[in-house]
Structures are given as C-alpha cells and as structure tokens.
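What follows is a short report on a single structure.
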Amino acid sequence: MLLNTYNRFDVEFVKGENATLWDKEGNEYIDFTSGIGVVSVGHGNIRLSNAICDQARHIIHISNLYRIPPQEKLAEILVEKSKIKGGVFFCNSGAEANETALKIARKYGEINGEVKRYKVITLENSFHGRTISTLKATGQPKFHQYFGPFPDGFVYAKNIKDIYDKIDEKTVAVMIELIQGEGGVNPFDKEEVQELINELKKRDILLIVDEVQTGIYRTGEFLASNLYEITPDIVTLAKGLGGGVPIGAVITSLVDVLKPGDHGSTFGGNYLSTRAAIEVIKILDEYYKSGMLKETIEYFENKLLEIEKEFSNLFDNVTGYGLMRALKAKNSKIRDEVVKKAFEKRVLVLKAGSDKVRFLPPLTITKEEIDEGFDRLKAAVNNIEFEGA
Ligand SMILES: *Cc1c(COP(=O)(O)O)cnc(C)c1O
C-alpha cells in the first residue's frame, strides 16, 4: 500500500498525447495541469521519447565521478539562455535545487566578510519544497506545524517592500519566486523586483530566484527572470526542465563557492535526465522562436478572460503570465467545486492558494485542445450554484 500523503482522484491514465489523456475505460480528458508544470512538451512527445530511448540504449547512468558530456552541454545551454555568466549544479528536484542554493548562500556568508552571515529572507505565501530546510524556507505557517526543530536563520517578509525592513547584519540572501505558484499565482511588480535586486547588490546580499515552476518558458520567456529583466545571483529550476524526467538545476554566477566534497548528488545530472532536458529545451526553443508559444499564450489568455466575464458571479479576475495562470474564485468553496466539476467534465485543473483555480497546460497545447478544454470547463462551471462571496 501507499502512504497516505495525497488525496488522489480515482482515475487511472493509460495513454497521453500532448494535452489529451485517456483513462483505462477509454474516457478522454483535457490536461490543463501537465503534471503540475512538468510535462512541458506534452504527453507522448515523439522527439523527447526518441531522445530518451536512444540514450537508454547507450548509457543511462555513470556517476559524477566521471565526465558526462550531455550534462556539460546542458550546463552551457542553461548559462547561455539564462544570461547568468557562471556554472550549473544538477540534482533531481525543486527542493534539492533550493537546498543547493541555500548551501551556496550559507557558505558564501561564511567565507565573505567579517561576521558570519547566514540569514535568508523569504516571503509569506511562498513555496520552496518539502525537505526540512525548504519547508522552513516556505513562508506559510501551515507547513511548520510538525517536523521541528527546523534549521535556524529563515526570516519572513510580507511582500517585496517589507524585505528591506527584515535585513540585518546577518542577512546573506533573499529567496523569492517572481510569480508565487502554490501560493496562488501571484506575480510581483517588475519595478519593485528590479529595485530590490539593485539594493541587494549594493549590500552584498544574494538574490536567489526560485524558478522551479516559472522556469523553462512557462511565463513565455525562458526564465521569469528574463521577463522581469533581472540577473539573479542564483536561479533554481526543476519542474518543466526534463519534460517529466526528474531533474533539478541551480544556475549561479558564484562559481568559486562550492569545492569538491562540499555538495553532490548520486543521480543528479545523469546521462538520461540531461539528454532529455537538452531535447526539451530544443523543442521549446523552436516553439518560442517561431512565435507559436506567444500565439498559444494569447489564445489561452483570451479564453480565460472570456470565462471570467461570462461567470463574473463566480470569478474575480485572472492572474499570472504566459501559461502559468489562475482564475480567482469568489471563495474557496466555489473554487473547490470548480475543480471537482471540471474533473467530472473531464478537464484537469489545479488548485493554488486559498481561492484560485490554477492552469499549467503543456506549453505545446493546441488550439483545438484549448477549445475543447474550455468548452468542458464552461459546462462544469454552468452547473455551479452561486453561494455568495
Ligand atoms: C514545485 C515547487 C518546488 C518543489 O519542487 P519538488 O520537485 O517537488 O521538490 C519548489 N519551489 C517551487 C516554486 C515549486 O513550484
């Protein structure tokens, strides 16, 4: 049996094609979740599966004791596309990428300056992972209920402007999402973020941007940092990077902080996952350059705005960028109903925050799939009785 860590929908998917899924009984679903922003190039992608199969026939895994050419190539691609002049560390998940970022920041604070600096400021409503320290980094009290004692040194700010008030002589880094994902698809103001990074640079405080959800074209640009026109000291990636093959990455300009023995990962950056990620980026790069991604984003956005207008008794607004979007419901009860009824009409959507319906479709979703998904969503929403805000 499985441990009871998820309230699962009782459905068994057996086949997928781009943003369309089929269950065991042959029912067809439209997938607006892409496995929580993971299946960025869609289900059953031929180019990705060919790359994975080809790699598996040769070498799946060696170890980081030896050179791994696709890992080196992927690192070059990430450095070039992120515009962060530096290096990359590979791991297997978002939480691990954030752990790595925290270790780099902690060591940086230990070896630079007179006093040892170790405090990391994070934001309320954030989400940074499920390990003991990334749980503590997550600025939501409900995540700190059990599992203590936690590592020291995390300080929470209410919003970007409040960060300045939380800085003291022990502060070494600030870690933020540019668009909070789990917290409710809440984007921060571009100018405020640009001001923040300038101020932090003056004070030799590092900016870590958690792009585990926003990275790899999710917002319409390669990184949300590119959209915000900032160059953070450290960026973490995971979800969409491997198209479903587990991989995490940390890109940083701080190439001299970690030395052999300071950090490592058995699986991190192996032949299979890095080969997959190279193919994912290749596919999405073409999609971006051809203008298709932009077109898809606009099409999806218009559909969301349409539904928001048509059902203004249920929804307040649309938030997010690119294909990381949410419909804000009038209350959490309505939101929960929408997600449940959508599933009954066979369109998969996610929850975020307290009252948001979240959309993270595959970036390669077609117009036909978008049309079909929204037709079903409308049918689902039509069945909901308005219970008052
Ligand atoms: C999903 C997520 C994580 C955690 O990633 P895992 O791969 O589940 O460890 C961390 N940060 C953000 C912003 C996320 O969306």
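The table below lists the values:
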item	result
Tail weight of P(r) past 40 Å, computed on alpha-carbon pairs of the chain, percent	14
Cα point-scatterer Debye curve for segment 177-336, base-10 log of I(q)/I(0) at q = 0.09, 0.12 Å⁻¹	-0.38, -0.66
Nearby lysines by direct alpha-carbon distance to LYS378 (threshold 23 angstrom, same-chain neighbours under 8 apart not counted)	LYS303, LYS309, LYS328, LYS330, LYS333, LYS340, LYS341, LYS345, LYS351, LYS356, LYS367
Accessible area in square angstrom per residue, the chain, 1.4 angstrom probe	46
Distance from segment 104-155 to segment 349-389 (C-alpha centre basis), Å	34
Value of Rg to Rh for segment 59-288 (Rh from inverse mean 1/r over Cα pairs, i.e. Kirkwood)	0.95
From phi via Karplus (6.51, -1.76, 1.60), per-residue ³J(HN,Hα) for segment 48-58 in Hz, x at Gly/Pro	5, 5, 5, 5, 5, 5, 4, 5, 4, 6, 9
Prolate/oblate/rounded label for segment 187-277 (Cα gyration tensor, a/c 1.5)	oblate
Gaussian network model of the chain, Cα within-10 Å springs - most flexible of ASN98, ASN125, ASN27	ASN27
CD proxy at 222 nm, helix term only [per DSSP H run n ≥ 4: -39500 (n - 2.57); per residue of the chain; nearest 500]	-11500 deg cm²/dmol
Heavy-atom accessible surface of segment 25-119: percent carbon and sulfur, 1.4 Å	56
Cα centroid separation - segment 70-91 against segment 285-316, whole Å	31
Bridge type composition, the chain - antiparallel percent by DSSP, nearest 5	65
In sequence order, calculated HN-Hα J values of segment 148-153 (Karplus, 6.51, -1.76, 1.60; Hz; x Gly/Pro)	x, x, 8, x, 6, x
The chain: most fluctuating residue of TYR156, TYR108, TYR299 per GNM, C-alpha cutoff 10 Å	TYR299
Total lysine pairs whose alpha carbons fall under 23 Å of each other in segment 4-136 (8 or more apart, or interchain)	15
Among LYS73, LYS202, LYS119: highest mean-square fluctuation, GNM of the chain, C-alpha pairs under 10 Å	LYS202
Amide H contacts under 5 Å for LEU258, placed H, 5+ residues apart	none
Convex hull of Cα atoms in segment 255-389, direction-averaged projection (nm²)	11.6
Rounded to 10°, Cα long-axis angle of helix 94-111 versus longest principal axis of the chain	20
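The values are calculated or read from the model by the stated rules, or taken from the named source; none is laboratory data. As the structure is a computational prediction, the values presented were derived from the model and not from experiment. For the accessible areas, the whole protein counts, side chains as well, though only heavy atoms, and no ligand, DNA or RNA atoms are used. Shrake-Rupley method; radii C 1.70, N 1.55, O 1.52, S 1.80 Å.
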